[in-house]
Amino acid sequence: MQGGYIEAGVIPKFAACATQGVPWFQERGLWQDNSYEPRPGDIIFFDWDDGGQDGESDHVGIVEKVENGRVYTVEGNSGDSVRQNSYPIGYYEIYGYGTPAY
């Protein structure tokens, strides 16, 4: 992610959602569960395990916008590419949100 946010400590640099990304936001009081209505720039975490959620995040994206009860995201490694996706707010596969203090 460009823009100096990692260097400034606003967003963590992480490879593992469950053990690095989610805890970073939780430890700083910058975490919201999936009932939250996100804002552009929030970091969205997903729990996608086959056979149901296991309470650990498996994937991450960036919230682009929220309109009409849907959250629109930009996600890397989505079908081997970067894609825009959308989900209903509160969707069961949304684990929660990191809410950076931009």
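Things to note:
- Qualifying residue in region 75-87 (condition: closer than 25 Å to Gly4 by Cβ and open to solvent by less than 40 Å² (accessible area, probe 1.4 Å)): yes
- Annotation: of all residues in region 11-21 being under 22 Å from Tyr91 (Cβ atoms) and touching a Phe, Trp or Tyr at 6+ places or on another chain (Cβ under 8 Å), the one that is most open to solvent (accessible area, probe 1.4 Å) is Cys17.
- Selection within region 13-63 - among the aliphatic types (A, V, I, L, M), at pLDDT below 85 and out of contact with any Ser or Thr (no Cβ under 6 Å at 6 or more places or on another chain): Ala15, Ala16
- Selected residue (only one of Trp48, Trp24 is crowded, with 16+ Cβ neighbours inside 10 Å and either among the hydrophobic types (A, V, I, L, M, F, W, C) or out of contact with any Lys or Arg (no Cβ under 9 Å at 6 or more places or on another chain) (or both)): Trp24
- Considering residues of region 27-45 that are open to solvent by 80 Å² or more (accessible area, probe 1.4 Å) and either without any contact (Cβ under 8 Å) to a residue 12 or more places away in the chain or assigned to a helix (DSSP H, G or I) (or both) only, the residue nearest to Tyr5 (Cα to Cα): Arg28
- Of the numbered criteria (1) over 14 Å from Tyr102 (Cα atoms); (2) outside any loop (DSSP other than H, G, I, E, B); (3) free of Cβ contacts under 8 Å to residues at least 60 places away in the same chain, the one Ser57 fails is (2).
- If you go through region 51-63 and pick out every residue that is open to solvent by 80 Å² or more (accessible area, probe 1.4 Å) and within 14 Å of the chain's Cα centre (by Cα), you end up with 1.
- Pairs where the first residue, in region 80-102, is over 15 Å from Ile11 (Cα atoms) and polar (S, T, N, Q) and the second is open to solvent by 70 Å² or more (accessible area, probe 1.4 Å) and part of a strand (DSSP E or B), C-beta under 6 Å, 6+ apart: Ser86/Arg70
The values are calculated or read from the model by the stated rules, or taken from the named source; none is laboratory data. Since this is a predicted model, take the numbers as computed values, not measurements. Because the Cβ atoms are built from the backbone with ideal geometry, glycine has one as well, and the counts that use them run over all protein chains shown. Surface areas here come from the heavy atoms of the whole protein model, side chains and all, with no ligands, DNA or RNA. Shrake-Rupley method; radii C 1.70, N 1.55, O 1.52, S 1.80 Å.
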